[in-house]
1. What about D229, is it among the acidic types (D, E) and modelled with pLDDT under 95?
2. List the strands (runs of 3 or more DSSP E) inside the stretch 133-186, counting only whole elements, that have at least 1 residues being of a type in the set (D, E).
3. Looking only at the stretch 29-73, count every residue that is hydroxyl-bearing (S, T, Y) and without any contact (Cβ under 8 Å) to a residue 60 or more places away in the chain and tell me the total.
4. How about the stretch 264-292: which of its residues are within 28 Å of the chain's Cα centre (by Cα) and among the small types (G, A, S)?
5. Quickly run through the stretch 256-284 and pick out the residues that are of a type in the set (S, T, Y) and over 22 Å from Y174 (Cβ atoms).
6. Take G243 and decide whether it is of a type in the set (G, A, S) and out of contact with any Phe, Trp or Tyr (no Cβ under 9 Å at 6 or more places or on another chain).
7. Which members of the stretch 293-313 meet the condition of being more than 21 Å from the chain's Cα centre (by Cα) and not acidic (D, E)?
8. If I filter the stretch 111-119 for residues that are farther than 21 Å from T181 by Cβ and not hydroxyl-bearing (S, T, Y), do I get at least one hit?
Amino acid sequence: MILKVGNMEAKKGEKKQGYLNIRNTELSIPCTLINGVNEGKTVAITGGTHGSEYPGIEAAIRLASELTPEMVSGKIIIVHPPNLPAFQAKLQYIGPYDGKNLNCEFPGLATGTITQKIAYTITTELHEQSDFYMDLHGGDIHEAQITFVIYPELGSEEVIRISKEAAEIFDMKYIVKTSATRSAVGSAALKGVPGLICEIGKSGIWTEEEVDQYIKSVKNVLKYLKVIDGKSEPLHKVEHIYGFIEWKAKQTGCWYPCVSPGQNVAKNEKIGEIKDYFGKTLEEYFSPIEGIILYTVTSLAINVDDIIGGLIS
């Protein structure tokens with residue numbers, strides 16, 4: 001059976017690399033189609049929903065280069081990166097044409113802005129023909145974080161079960177569930193496609209160790225799905241996170257965190273403060289509970305309603 005994704009297609013036993021056209025734009029994004037020699041599930045992988053989260057982007061590029069039809073039972077679609085405009089502009093979260101966060105715009109809009117059209121294309125060309133979806137993220141240029149994996153608590157019990165089981169064999173200690181419907185993985189889950197979001201890396205940099213961790217983990221999920229040969233196995237002792245708190249800035253100015261990702265904090269312990277441009281403290285922030293810092297913003301600049309950190313318990 002032919003694997004067709006927009007303007008691209010690959011026959012059984014073929015691998016095709018090229019550029020996928022974004023509906024109703026002149027934009028195209030790098031895409032690899034791998035149509036396996038044997039029948040099996042279809043898996044979609046995106047690396048770079050946020051343009052400056054580099055470990056996932058590099059891992060997707062390498063997986064697209066390394067995997068061959070002879071290794072695959074089923075089909076694999078890899079987009080690397082989907083948010084090419086943000087990648088080229090070296091932007092955090094948002095796209096340069098419309099200032100929108102791609103991971104908040106799913107399932108997209110065919111007649112919307114460029115970011116919404118990218119989301120629409122990913123939804124219609126990847127999600128709607130996939131059996132599983134992986135969205136590879138990492139710490140953006142203004143974020144420090146510990147590694148963790150997120151699965152959607154959306155859709156049917158079967159979708160949730162498969163998503164959770166796949167998250168448990170990713171090479172990460174912490175597993176967080178989400179009910180965000182406008183994210184890429186949440187939107188896919190509502191369409192009946194299980195999946196996960198992965199977070200490896202920090203501060204807009206990438207290392208060989210992080211990319212290797214990503215590739216090893218993705219392959220483990222592909223083994224679990226029987227898309228490549230081999231037996232999947234737990235790669236890390238996991239811990240499910242059921243309590244999660246996120247802080248947003250209530251002031252515009254300069255952000256000074258006093259905690260680091262992975263640090264244990266006590267209830268009422270100070271996590272940081274915002275000062276004005278003359279060094280005067282505008283507001284201090286304290287942890288409402290005992291827990292572990294999941295991530296913090298590292299940028300000095302901060303605006304009202306910007307996320308400044310997250311805590312797990």
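1. It is false that D229 is among the acidic types (D, E) and modelled with pLDDT under 95.
2. 143-145
3. Looking only at that region, the number is 3.
4. Answer for the stretch 264-292, where residues must be within 28 Å of the chain's Cα centre (by Cα) and among the small types (G, A, S): G272, S287, G291.
5. Selection gives Y256, Y277, T281.
6. yes
7. L300, A301, I302, N303, V304, S313 - these are the residues of the stretch 293-313 that are more than 21 Å from the chain's Cα centre (by Cα) and not acidic (D, E).
8. Checked the stretch 111-119: at least one residue is farther than 21 Å from T181 by Cβ and not hydroxyl-bearing (S, T, Y).
The values are calculated or read from the model by the stated rules, or taken from the named source; none is laboratory data. If you're wondering where the values come from, they're calculated on a predicted model, not measured in any experiment. So basically every Cβ, Gly included, is an ideal-geometry build from the backbone, and we count neighbours across all protein chains shown.
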